[in-house]
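A short write-up of the structure that comes next.
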Amino acid sequence: MSKTRLGQTPSQTVGPFFHFGLPYEGDSNLISGDAQGQRIVVEGKVTDGAGEPVPDVMIEIWQANAAGKYDHPEDTQDKPIDEGFHGFGRCATDKEGIFRFHTVKPGAVPGQGNSLQAPHLVTFVFGRGMLKQLLTRIYFEDEAHNANDPVLGLIPEARRGTLIARKTNSATYTMNIVLQGEGETVFFEY
Amino acid sequence: MADVIPYNREEKSAQPPSLYPPYNSTVLRAPKQPLVILPHTLSEVTGPVYGHGKVLPVDADLTKQHAGEPLGERIIVSGRLLDENGRAVPNALVEVWQCNAAGRYIHARDQHPAPLDPNFSGAGRVVTDAQGNYKFTTIKPGAYPWRNHPNAWRPAHIHFSLFGPSFINRLVTQMYFPGDPLFAFDPIYQGIPDVKARERMVSRFDMDSTIPEWALGYKFDIVLRGRDATPMEH
């Protein structure tokens with residue numbers, strides 16, 4: 001198509017004062033009563049380049065349901081939609097820089113070509129001092145398919161672990177987000 | 001399952017870098033490692049579909065959320081949510097938040113010694129209609145000081161958060177007002193590399209949407225990334 005494109009609207013920081021505009025009750029709990037699948041907590045701490053907790057960012061996640069189906073019209077897989085689970089969550093970090101979601105473990109989803117992607121959460125970080133949001137992913141350490149995941153495969157081996165949440169008790173997975181410096185989380189250009 | 005149709009990539013000159021030292025807070029929050037280029041998969045081209053959250057008419061009128069009328073200049077902000085191909089983005093959630101006419105947010109951490117307005121909270125939400133139109137009524141926010149550098153002031157702005165047809169369309173931006181003398185001094189506005197692209201964040205005064213003896217109209221169209229085909233055409 002040779003049609004002239006309209007110019008994209010630039011991104012600007014969410015700033016320090018979003019808390020009265022964006023968070024809403026229940027925003028970090030993705031589960032309604034009858035959601036299918038394993039109930040889990042996904043949590044972590046966000047730190048900056050000085051190693052200090054970041055108490056004023058907002059994390060958003062988007063994920064498939066337990067069957068590996070996204071609640072979206074472009075997911076045409078023959079898998080069930082779950083009326084108790086839509087897959088979007090939002091959480092502002094607390095004063096210790098902690099975020100915490102109550103969700104279900106997603107199923108595996110298709111990747112490019114005939115590949116399969118290991119279960120993961122698509123994750124955005126918005127904050128003061130961030131003129132545009134950062135994109136990352138949260139994977140789960142107890143998924144054997146991580147070894148064959150095509151997106152993890154794009155990442156230098158030494159850094160892959162930054163996207164893999166550790167199982168810290170039977171139903172809790174922890175992945176810290178390091179914005180800068182030692183152990184810096186992998187972020188994507190998308 | 002058919003291959004997904006990728007979205008256009010970021011327009012580099014129109015989008016800010018993560019590190020922009022004149023905006024001090026970027027210095028410890030910008031990644032130092034190179035970003036990994038992510039192909040668009042089903043995970044990226046899907047996203048939350050609105051309809052779940054309930055949006056009420058009062059959410060679109062920030063002047064009617066309390067017993068009395070807020071102080072300040074009443075305005076109507078409207079526009080269209082489009083993609084780069086000029087296609088309307090319908091059923092999209094638009095969230096807005098702002099300070100009051102005196103330049104003060106209700107946020108507990110805002111220490112600017114300007115008055116709070118008991119009749120103004122400053123948060124609203126609307127969903128775009130089938131043609132991508134949105135509209136809300138508010139009051140014109142004031143400029144306010146911040147501590148980025150000596151005598152730093154933010155130009156008056158309304159924060160916008162948008163959900164498009166996919167999660168990677170997610171956009172958070174700020175809408176400014178035409179002719180603001182503070183643009184030249186604001187590192188957040190100046191953080192956009194292309195001077196012409198910065199102007200896409202500036203609303204325009206619009207007599208057609210101005211309501212006689214009631215409120216001034218401002219127009220602000222927002223453009224999200226597009227793609228070269230739609231799933232229906234594919």
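The values are calculated or read from the model by the stated rules, or taken from the named source; none is laboratory data. On a predicted model such as this, the values are computed, not experimentally measured, just so you know. So basically every Cβ, Gly included, is an ideal-geometry build from the backbone, and we count neighbours across all protein chains shown. Quick note on the areas: whole protein, heavy atoms, side chains included, nothing else; ligands and nucleic acids left out. Shrake-Rupley method; radii C 1.70, N 1.55, O 1.52, S 1.80 Å.
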Just checking, which of B:Arg227, B:Arg198 is out of contact with any Ser or Thr (no Cβ under 6 Å at 6 or more places or on another chain) and part of a helix (DSSP H, G or I)? B:Arg198
Would you be able to tell me the number of residues in the stretch A:1-28 that are open to solvent by 80 Å² or more (accessible area, probe 1.4 Å) and either touching a residue at least 60 places away in the same chain (Cβ under 8 Å) or more than 7 Å from every other protein chain (Cβ to nearest Cβ) (or both)? 4
Restricted to the stretch B:158-179 and to residues being open to solvent by less than 30 Å² (accessible area, probe 1.4 Å) and over 14 Å from the mean Cα position of the chain (by Cα), the residue farthest from B:Arg104 (Cα to Cα) is B:Ser166
Kindly indicate which of A:Ile31, A:Ile40 is more than 9 Å from every other protein chain (Cβ to nearest Cβ) and open to solvent by less than 10 Å² (accessible area, probe 1.4 Å). A:Ile40
Of all residues in the stretch B:32-60 being farther than 27 Å from A:Val151 by Cβ and among the hydrophobic types (A, V, I, L, M, F, W, C), which is modelled with the highest pLDDT? B:Ala60
Of everything in the stretch B:139-158 that's in contact with an Asp or Glu (Cβ under 8 Å, 6 or more places away or on another chain) and more than 16 Å from B:His112 (Cβ to Cβ), which residue is nearest to the other protein chains (Cβ to nearest Cβ)? B:Ile139
If you check B:Leu35 against the conditions, is it facing another protein chain (nearest Cβ under 7 Å), more than 24 Å from the chain's Cα centre (by Cα) and surrounded by fewer than 20 Cβ atoms within 10 Å (Cβ to Cβ)? yes
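Identify all residues within the stretch B:185-228 that are basic (Lys, Arg), more than 8 Å from chain A (Cβ to nearest Cβ) and either touching a residue at least 60 places away in the same chain (Cβ under 8 Å) or open to solvent by less than 20 Å² (accessible area, probe 1.4 Å) (or both); write none if there are none.
B:Lys219, B:Arg227
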When every residue in the stretch A:101-143 that is at pLDDT below 95 and not small (Gly, Ala, Ser) is compared, the one surrounded by the most Cβ atoms within 10 Å (Cβ to Cβ) is A:Gln112
The condition of being free of Cβ contacts under 8 Å to residues at least 60 places away in the same chain and open to solvent by 10 Å² or more (accessible area, probe 1.4 Å) holds, among B:Leu56, B:Leu42, B:Leu82, B:Leu71, only for B:Leu56
Any residue in the stretch A:99-114 that's at positive phi: show its pairings with residues that are open to solvent by 30 Å² or more (accessible area, probe 1.4 Å) and modelled with pLDDT of 95 or more at Cβ separation under 9 Å, as long as the two are six or more apart or on different chains. A:Gly113/A:Pro150
Would you check if B:Arg147 is within 27 Å of B:Gly47 (Cβ to Cβ) and open to solvent by 10 Å² or more (accessible area, probe 1.4 Å)? no
Out of all the residues in the stretch B:120-133, which are free of Cβ contacts under 8 Å to residues at least 60 places away in the same chain and crowded, with 18+ Cβ neighbours inside 10 Å? B:Phe120, B:Ser121, B:Thr128, B:Gly132
Qualifying residue in the stretch A:67-85 (condition: in contact with a strand residue (DSSP E or B) (Cβ under 6 Å, 6 or more places away or on another chain) and aliphatic (A, V, I, L, M)): no
For the stretch B:72-92, check the following and say yes or no: at least one residue is β-branched (Val, Ile, Thr) and at the interface with another protein chain (Cβ under 10 Å from one of its Cβ atoms). no
Of the conditions (1) in contact with an Asp or Glu (Cβ under 7 Å, 6 or more places away or on another chain); (2) open to solvent by 50 Å² or more (accessible area, probe 1.4 Å); (3) not β-branched (Val, Ile, Thr), A:Lys95 fails just one. Which one is it? (1)
Could you please find all residues in the stretch A:160-180 being without any contact (Cβ under 8 Å) to a residue 60 or more places away in the chain, exposed (fewer than 15 other Cβ atoms within 10 Å of the Cβ) and not in a strand (DSSP E or B)? A:Ser170
